[in-house]
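Colleague: Below: one structure in structure tokens.
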Amino acid sequence: MSTAVITGATHGLGRLVALDLARRGFDLGVVARSASKVDDLRAEIGAGVTVTAFVADLSSLEDVRRAAKAIDAHYDRVDVLINNAGIHAFSPRVTPDGVPEMTAVNYLAPWVLTNALRDKLIASAPARVVTVASEAARQARSLDPATALTSAAHYGRTKLMDIMFSQELARRLEGTGVTANCCDPGFNTTGLGRELPFAGLLEKALHALRIGDPARGASIITRLAVDPGFADVTGGYFSVKDAAPLECPEAGRGVVQRLLWEETEKLLS
């Protein structure tokens, strides 16, 4: 039985990906803040698939490390790791670790979780790591690795860092049988901007107009996770539009990817 670990699987794109992977016979490890919401997902999936909850607040690096340790101990193998969870905060908040909340959830949590499970993924090869980025990464016109992790968070910059992380990870995993790819799932009505006072009404209106169907966004995530055509592809960034390859925005290309990785190691050491 193949195992997929996914963050943010109790709602939105992650829920749809989890349902699809369950239909394909994957056992699921779900990293979520609420065990009861994982129970709801388990009930929706039904019998025949094992869904295991790993409760963690992804804004807490201690929680992420604890969840990773529990996942490593629980599974003999991890075939797919999907870094899907993300937030788009409209008010600045700093975590107890001293970093902006969006940076912690959108970038540091995937970095910590993936690196903590690195040996498990390599032992499970062929295995895949899929990280959900965003077209908003193009909004980041510059990125200074020395200050990016602790300066005021910008959603687009955190998503640019996800692309940079995924591509640098691919280089560091070369020859191990573990691939690392990321994607832009497009515009989706998934509650990402739920902090806005009018978010609920806006989402209902968009649903009525059939704009931002999350099933489309979920499909590119699932495709990178299971499609045989991507079995040997690594270091890519792909569009929701027919999985067309995308370039990392200019601010995040080249040696800056390695420098950001090294600054992240420093921050977390």
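Colleague: Going by the conditions given, is residue 194 part of a loop (DSSP other than H, G, I, E, B), under 30 Å from residue 268 (Cα atoms), at pLDDT below 95 and not small (Gly, Ala, Ser)?
Modeller: Yes.
Colleague: Kindly provide the set of residues from the range 1-38 that are of a type in the set (S, T, N, Q) and either within 19 Å of residue 178 (Cβ to Cβ) or surrounded by 22 or more Cβ atoms within 10 Å (Cβ to Cβ) (or both), ordered by number.
Modeller: 2, 3, 7, 10 - these are the residues of the range 1-38 that are of a type in the set (S, T, N, Q) and either within 19 Å of residue 178 (Cβ to Cβ) or surrounded by 22 or more Cβ atoms within 10 Å (Cβ to Cβ) (or both).
Colleague: Residue check, residue 238 against (1) surrounded by fewer than 19 Cβ atoms within 10 Å (Cβ to Cβ); (2) within 24 Å of residue 126 (Cβ to Cβ), all met but one. Which one?
Modeller: Every listed condition holds for residue 238 apart from (1).
Colleague: Given the structure, is residue 114 of a type in the set (Ser, Thr, Tyr) and touching a strand residue (DSSP E or B) at 6+ places or on another chain (Cβ under 8 Å)?
Modeller: For residue 114, the condition - of a type in the set (Ser, Thr, Tyr) and touching a strand residue (DSSP E or B) at 6+ places or on another chain (Cβ under 8 Å) - is met.
Colleague: What is the residue count in the range 70-84 for residues that are closer than 21 Å to residue 169 by Cβ, assigned to a helix (DSSP H, G or I) and either out of contact with any strand residue (DSSP E or B) (no Cβ under 7 Å at 6 or more places or on another chain) or open to solvent by 40 Å² or more (accessible area, probe 1.4 Å) (or both)?
Modeller: 1
Okay, residues lined up against (1) over 16 Å from the mean Cα position of the chain (by Cα); (2) open to solvent by 40 Å² or more (accessible area, probe 1.4 Å); (3) not hydrophobic (A, V, I, L, M, F, W, C):
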| site | (1), (2), (3) |
| --- | --- |
| 99 | yes, no, no |
| 103 | no, no, yes |
| 108 | no, no, no |
| 115 | no, yes, yes |
| 119 | yes, yes, yes |
| 123 | yes, yes, no |
| 126 | yes, yes, yes |
| 135 | no, yes, yes |
| 141 | yes, yes, yes |
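Colleague: For residue 41, which of the numbered conditions (1) surrounded by 19 or more Cβ atoms within 10 Å (Cβ to Cβ); (2) under 18 Å from the mean Cα position of the chain (by Cα) fails to hold?
Modeller: (2)
Colleague: Does any residue of the range 88-106 turn out to be closer than 23 Å to residue 2 by Cβ, touching a Ser or Thr at 6+ places or on another chain (Cβ under 9 Å), in contact (Cβ under 8 Å) with a residue 24 or more places away in the chain and not in a helix (DSSP H, G or I)?
Modeller: no
The values are calculated or read from the model by the stated rules, or taken from the named source; none is laboratory data. If you're wondering where the values come from, they're calculated on a predicted model, not measured in any experiment. Because the Cβ atoms are built from the backbone with ideal geometry, glycine has one as well, and the counts that use them run over all protein chains shown. Surface accessibility is based on the protein's heavy atoms, side chains included, excluding ligands, DNA and RNA. Shrake-Rupley method; radii C 1.70, N 1.55, O 1.52, S 1.80 Å.
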